[in-house]
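A quick write-up on the structure given underneath.
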């Protein structure tokens, strides 16, 4: 009995020692030198592997960062300036800064504004429907509502609103990784500068049809009437093909364009209701936003309607 | 009897309009002629708003080699050049012409007399075909002059004439062969001359006995034309399948038919070639089948390009009450459209009105790996595998599994007992993989 | 146009195949075997089958509804097929609670843990059967004697010797172990080939009558539910391997067997003329007609989900099942091995599917 035990122990020890030796030599022989800073940088990155930086994963991005001299075109939209500052510290370079961005959906064609003209019965993904035809409404530019964007969002920042049939961006969770921008076959998502308190003013329409036609199929389409273009004091609005566009870099959130839009195609979010603003003015306590907000009370109805929609 | 060896399905044939002949449809009130009716670069408009045009006049010129001229199908005034809904389901540039009278260009020989002799050289035949804006009328709408210009280093040996018409319901080619058999024979001789080949093979499926007999009778008077009856099997009308059936040669993966020495044309195209070369008539009308189980008079019309499909539906007895789906083309590969203002284009072989009950898809069930899709795939692919790969964006493995060979015949989705939308995803995968290959090439 | 037009990608027509139809076809094909089992085993066969089907469908329903919450899809008929096949692999006197445990394992572990129909790597009915075989070896290997309608479902312990018997395979396995020749054993038991063919033998419900199973096979082939590849390759592999060994098993071939180093139990007996004859193998016909080879090859191994998809892969799969079956029968401790063989090869199916590809169109360029 004891001999069996002894032999077993000896055999196992010999085997173990042999395996250890083999492993040691293999590890020595095939050792790959890697900059230790890559590991450090990778640890400093968010680790979401979302691809927002343009690389396949955080590790690839870390390698690129270590190689790069000046961080040109390298930025982690998810981690933002904080993360990039951390990376710059590790590598001993100047941090690159970028304004934080947030994704917005440039379509407001909810079911109630944009009636269906036919019935789509194929596979329920936007890409497949978009490859087949202009969509089940008269607007060939608008949201198809199958939620390809929701599917790709890794940060749980996109959800389909069952009432409107449109995806809703959760500003708090959106990291501007750009996955939805790439996923949308209609290019409806735009990464816009994140303003304070997540305030946004944007044209929620991509319809390039002529005004009458656009409105025929969608009550909230931008008709390209140029009223907002004329009213904007900061030249932030440009006119494309029958379509207005508000540049988030230039926009100062004055809200002048919102009430003039005849179709409510311009959406403002994150602002307090205008009526309340009148109250704050009357109580002569200037709030932070009243300084850059000089909109007339005109068009209150439209705005409250818009706000309701946003809720 | 010949047929292709791998895969294939047998959908119900439903050739309702096989014996009705071809009726000429008068020009409508106005036509919408899309600038992109062919594969390749869209044509550039050659007329302006307000211009008067005549039948057969060039209104848009093919820009670049793989492109095609577009001719006015009516006479009248150009109302506008604007984005209009075309068969792709998107609004794209179209020339809208208001019809007044029917004033043809005087160069066009309008008589129905058969002109047999042709003295033209191959080069002038090809340039005439190009001038006339002829594209493949089977549905792919590939410009014919490109097909006729055999790349250097390759040699065409056989001309294949495709009279298979394997799609259920459609009878446009069938009717054309019965009525214009002689013209098709002359057109075949012209194409043989243009390609400098000695032999032409006409393939017709066995469900068109009258056409086979008629064409075989005619072929006796012409040198080097042989008519073959083929066993009925979908998708025999596919270029690669037809070549396999007739010549027992397989077009290599990613290659062209000319790689095995064959060039294939649809009978409709051959007839258009005859008209272009012998009668100087450009391609501005074509035979369109209007059919469907509830259509009052399923018929074949010779319709002008740009005619709204509503006019054709009207002419065949009006839209049936139970219509649930409107297809351009047959039920296997046809394209569903959501609007009846869409115009007929060069590639429209038929209009099929499907009853509402038939138009709904069935409930999707999980794949049970019955391998029916592999059995029926004429290209030897594995649709059951390609679908999840495409769904999960695994493009490398899609490419490895030859997704680009798919001819989108729809046999897999047709047969699937679990009603899985295999082709939807394979098409998506094809688009993504070819995009990937393009970016790889551009780098 | 008041009506709303439907738009969808092509194709727009669909064939008349459906999962239900395929499953229903399999059930139809199993009916002859069921009739034989009722004729041979009486009420027990009906009781076992009903409990098995009922509990399989019930478990599938409960799991889909309350555990997976994927929506109930019992109408596709796959649970009925699983239940029926499980019953066909059980003796007709199996207590009801063992059948229910088997159904739970078959549906719950064999199928639903992997996500339900289409995702299970192993044949659920076989998972259930093998689980029972290992857990309740006595109950699973004691088969009632064929007594027609009079065969009792519940057999008391005192009567067990009167009413139950072994399967021909067990008979031979035990006999060889005890040192008796095959011919002698078969003669002693009075078995005829016609008994094997028409089901007058002990065994599981569905496996006894080869002719009923062959009728089912013909039905499946005509309806194009399965192809010939898997059944034919399994049966012929079993036939040829046992046949080859059987040919060697007559006198004078000991040397060959010794060089092959096959540790076959060799038994020497004397025939009428006192010559020494070696008997250690039953003939190949006996091997393909007894046990579960027919049932396994026709109904269990051809399960769509767990078998390879291409003819070439199917043949590889079938041959391997045949080899493993014969190996277990001749050298293993179990008298029958087809269940294990099918389960083992089920595990290799994804690998076979991965590497056996169809011949692509235009892959080999023929110019001429």
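Would you mind listing the strands (runs of 3 or more DSSP E) fully within the stretch B:299-402 where at least 2 residues are under 30 Å from residue B:6 (Cβ atoms) and away from chain A (no Cβ under 12 Å)?
Qualifying strands (runs of 3 or more DSSP E): B:350-355.
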Can you report the number of residues in the stretch A:217-243 which are touching a residue at least 60 places away in the same chain (Cβ under 8 Å) and either in contact with a strand residue (DSSP E or B) (Cβ under 8 Å, 6 or more places away or on another chain) or assigned to a strand (DSSP E or B) (or both)? 2
Pick from the stretch B:248-259 the residues that are outside any loop (DSSP other than H, G, I, E, B) and within 29 Å of residue B:180 (Cβ to Cβ): which of them is farthest from the other protein chains (Cβ to nearest Cβ)? B:258
What's the number of the only condition in (1) within 12 Å of another protein chain (Cβ to nearest Cβ); (2) under 30 Å from residue B:379 (Cα atoms); (3) not in a strand (DSSP E or B) that residue B:271 fails to meet? (1)
Among (1) outside any helix (DSSP H, G or I); (2) within 7 Å of chain B (Cβ to nearest Cβ) - the single one residue C:16 does not satisfy: (2)
For the stretch B:283-294, what are the residues that are buried (at least 24 other Cβ atoms within 10 Å of the Cβ) and part of a loop (DSSP other than H, G, I, E, B)? B:283, B:284, B:292
Can you tell me which of B:197, B:161, B:150, B:232 is in contact (Cβ under 8 Å) with a residue 40 or more places away in the chain and outside any loop (DSSP other than H, G, I, E, B)? B:161
Unmet criterion (only one of (1) more than 12 Å from chain B (Cβ to nearest Cβ); (2) more than 30 Å from residue C:195 (Cβ to Cβ); (3) modelled with pLDDT of 90 or more) for residue C:49: (2)
If the requirement is being more than 17 Å from residue B:29 (Cα to Cα) and without any contact (Cβ under 8 Å) to a residue 24 or more places away in the chain, which of these qualifies: B:123, B:131? B:123
Name the residues in the stretch A:110-127 that are more than 14 Å from chain B (Cβ to nearest Cβ) and either outside any loop (DSSP other than H, G, I, E, B) or in contact with a strand residue (DSSP E or B) (Cβ under 7 Å, 6 or more places away or on another chain) (or both), would you? A:110, A:114
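Looking at B:300, B:266, B:280, which is the one that is surrounded by fewer than 24 Cβ atoms within 10 Å (Cβ to Cβ) and either in contact (Cβ under 8 Å) with a residue 60 or more places away in the chain or under 18 Å from residue B:39 (Cα atoms) (or both)?
Details: B:300 fails: surrounded by fewer than 24 Cβ atoms within 10 Å (Cβ to Cβ); B:266 fails: surrounded by fewer than 24 Cβ atoms within 10 Å (Cβ to Cβ).
Among B:300, B:266, B:280, only B:280 is surrounded by fewer than 24 Cβ atoms within 10 Å (Cβ to Cβ) and either in contact (Cβ under 8 Å) with a residue 60 or more places away in the chain or under 18 Å from residue B:39 (Cα atoms) (or both).
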Take the residues of the stretch C:164-184 that are part of a helix (DSSP H, G or I) and modelled with pLDDT of 70 or more: which is farthest from residue C:287 (Cα to Cα)? C:174
Inspect all residues belonging to the stretch C:291-301 and state whether any of them is within 14 Å of chain B (Cβ to nearest Cβ), over 30 Å from residue C:186 (Cβ atoms) and crowded, with 19+ Cβ neighbours inside 10 Å. no
Got a sec? Which of B:100, B:17, B:30, B:68 is in contact with a strand residue (DSSP E or B) (Cβ under 9 Å, 6 or more places away or on another chain), away from chain A (no Cβ under 14 Å), over 30 Å from residue B:236 (Cα atoms) and touching a residue at least 60 places away in the same chain (Cβ under 8 Å)? B:30
List the pairs whose first member sits in the stretch B:424-443 and is more than 16 Å from residue B:402 (Cα to Cα) and at the interface with chain A (Cβ under 10 Å from one of its Cβ atoms), whose second member is surrounded by 20 or more Cβ atoms within 10 Å (Cβ to Cβ) and at pLDDT 95 or above, and whose Cβ atoms are under 7 Å apart, counting only residues at least 6 apart or on separate chains? none
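The values are calculated or read from the model by the stated rules, or taken from the named source; none is laboratory data. Bear in mind that the values here come from a model prediction, so they are computed numbers and not experimental data. Don't worry about glycine lacking a Cβ; one is built from the backbone with ideal geometry, like all the others, and counts go over all protein chains shown.
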